[in-house]
Amino acid sequence: MVTNDPPSLIVLSEQGDPTSPRTWSGTPCNLISALQRGGYQVTGLDLTPMAPVRGALSLLSRASGHGRQYRRTRLSSIFHGLGKLRTVDKPGSVVLHTGTSTIPLGSRRPHLRHVLFIDSTFHLMSTSPKLALSEALVRRYDAFERAALTAADHIFTISECARADVIEHYAISADRVTAVGTGMGNIRAAEGRKDYSGRTTLFVAKQRFEEKGGLLILEGFRLAQKADSRLKLVVVATEPFRHMTEQVPNAVFRSAVPWEELEAYFNQAALFAMPALYEPWGLVYIEALACRTPVLGLNRNALPELTQNGKYGFLLNDTNPSSVATALLDAFSDIGRLAEMGNGGQKYVGERYSWDIVASKICRELF
């Protein structure tokens, strides 16, 4: 706890107001609240350009041969350096950027420290099939990422996976990179006895249905259900995916469900499956484990560390429906094992993931 002349932190976001729970799944907001509980003076600054400005920046980026994603070019750094970022000029302040696009790459005010808080890197993100960029743009965006990471005074990553990539791919010294995790989600942890005999798998995707493995889980479940007709699937997603879900036997589709109903699905499910093709962290995995629901997903990005390399879930190496089906059948072949995984997973995430722990790790490094 800070008691005398607490340091000042300024949290920036280019995805919306950092004090709003709607911005980046509430990540900046939750971090700000935890820092304030620790006695630090924290303010949030929204650097999101207005729509016409974003359009103009995108046009300038394309005209200069850098594609539409101006946030991954020096154009973004220049824009912010001439805009709201200029108002951040309190001596002794730490400016915490929740993305590389706002890091100043040119002249710096020596009395300010600029640090990064990120969930992934462009290098990791470029593995997503949805990105679909030319090799030339990948090189350019990756070069900007390297420049931004190099310019930061310190880098806080959410996962150990992202930390390793910052160090290995971008050649940043290990002592300048700290993995801090996140807090828990808003789903309340399960209490009391849990019944796994219902053999129900839950999949949730508010957006990016295909990238989160929606089609993969539907086809995999279809195969598994042929081998074990007792299996059930609940899909919570947006309306465009209702028809294809309801064509799968024993699959139930829900959309725009009230929060209490969503919590009930997490607590009643015996397994949470999200074989995401690209998911840098996956707060939903932690929410599932908090509800004593083991998880199923691909053996990539942060999921191995969240499940302790499969101790609290099932990790797939192959991205095909037959692999998903095999994993589903394996999971439900031993209900007692599911219960053990669920109980252990809930204890693990409950002890490890909280925003107060994240804030403590950040401030221990900075002050």
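The values are calculated or read from the model by the stated rules, or taken from the named source; none is laboratory data. This is a predicted model, so every value here is computed, not measured. Methodologically, a virtual Cβ is constructed for each residue, glycine included, from the backbone with ideal geometry; neighbour enumeration extends over all protein chains shown. With ligands, DNA and RNA removed, areas are computed over all heavy atoms of the protein, side chains included. Shrake-Rupley method; radii C 1.70, N 1.55, O 1.52, S 1.80 Å.
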With every protein chain in place, the accessible area of residue 322 for a 1.4 Å probe, in Å² rounded to the nearest 10, comes to 70
A correct Karplus calculation of ³J(HN,Hα) over the stretch 208-216, with 6.51 cos²θ - 1.76 cosθ + 1.60, θ = phi - 60°, whole Hz and x for Gly and Pro, returns 6, 3, 5, 5, 7, x, x, 5, 5
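For residue 299, what charge total do you get from the other residues with a beta carbon under 15 Å from its beta carbon, if Lys and Arg give +1 and Asp and Glu give -1? The partial results should precede the final answer.
Working: positive: 300, 311; negative: 160, 279, 305, 318, 330.
Taking every other residue near residue 299 into account, the sum is -3.
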Under the Karplus relation with 6.51, -1.76 and 1.60 and θ = phi - 60°, whole-Hz ³J(HN,Hα) for the stretch 227-244, x at Gly and Pro, equal 7, 9, 5, 6, 5, 10, 9, 10, 10, 10, 7, 8, 3, x, 9, 5, 4, 5
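For the chain, calculate the relative contact order in percent as a whole number, restricting contacts to Cα pairs under 8 Å that are 6 or more residues apart. Kindly include the intermediate steps, with their values, before the conclusion.
Values: 673 pairs, mean separation 54.2, N = 367.
Normalised by residue count, the contact order of the chain is 15 percent.
Quick one: pull the percent of accessible area on the stretch 1-91 belonging to carbon and sulfur, 1.4 Å probe, ligands and nucleic acids left out.
Its accessible area is 55 percent carbon and sulfur atoms.
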Between the Cα axis of helix 51-63 and the main Cα principal axis of the chain, the angle (0 to 90°, nearest 10) is 80
Once both label points are put 7 Å beyond Cα along the C-beta direction, the residue 22-residue 197 separation in nm becomes 4.5
Spelling it out for residue 114: with amide H atoms placed in the peptide plane at 1.01 Å from N, the residues 5 or more places away or on another chain with amide H under 5 Å from its amide H are 95, 153
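Local charge sum around residue 177 (other residues, Cβ-Cβ under 11 Å, Lys/Arg +1, Asp/Glu -1)? Let's see the in-between values first.
Values: positive: 163, 176; negative: 160, 165, 168, 175, 365.
So the surrounding residues net to -3.
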Comparing 216, 328, 316 in a Gaussian network model of the chain (Cα, 10 Å), the one with the largest mean-square fluctuation is 316
If each K or R counts +1 and each D or E counts -1, the residues other than residue 244 whose Cβ falls under 12 Å of its Cβ total -2
Taking a straight Cα-to-Cα line shorter than 13 Å from residue 347, and setting aside same-chain aspartates and glutamates fewer than 8 residues away, one finds 191, 287
Phi-derived 3J(HN,Hα) across the stretch 139-146 with the Karplus relation (6.51, -1.76, 1.60, θ = phi - 60°), rounded Hz, x for Gly and Pro, is 5, 5, 5, 5, 5, 5, 4, 4
With R₀ set to 41 angstrom, the calculated FRET efficiency between the beta-carbons of residue 147 and residue 334, to the nearest 0.05, is 0.25
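Please calculate how many Å² of accessible area the chain carries per residue, with a 1.4 Å probe and no DNA, RNA or ligand atoms counted.
Working: 16520 Å² over 367 residues.
Heavy-atom accessible area per residue stands at 45 Å².
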Length-normalised contact order of the stretch 212-367, Cα under 8 Å, at least 6 apart, in percent, tallies to 24
Using alpha carbon centers only, the stretch 61-96 is separated from the stretch 207-236 by a whole-angstrom value of 42
With label points set 7 Å from each Cα along the Cα-to-Cβ direction at residue 63 and residue 230, the distance between them in nm comes to 6.6
Under 5 Å from the placed amide H of residue 314, counting only residues 5+ away or on other chains, we find 295, 296, 297
Once normalised by the length of the stretch 51-124, the mean sequence separation of its alpha carbon contacts under 8 Å that are 6 or more apart gives a contact order in percent of 24
Charge dipole of the chain built from unit charges on the beta carbon (Lys, Arg +1; Asp, Glu -1), centred at mean Cα; most positive-end Cα among 24, 77, 124 is 77
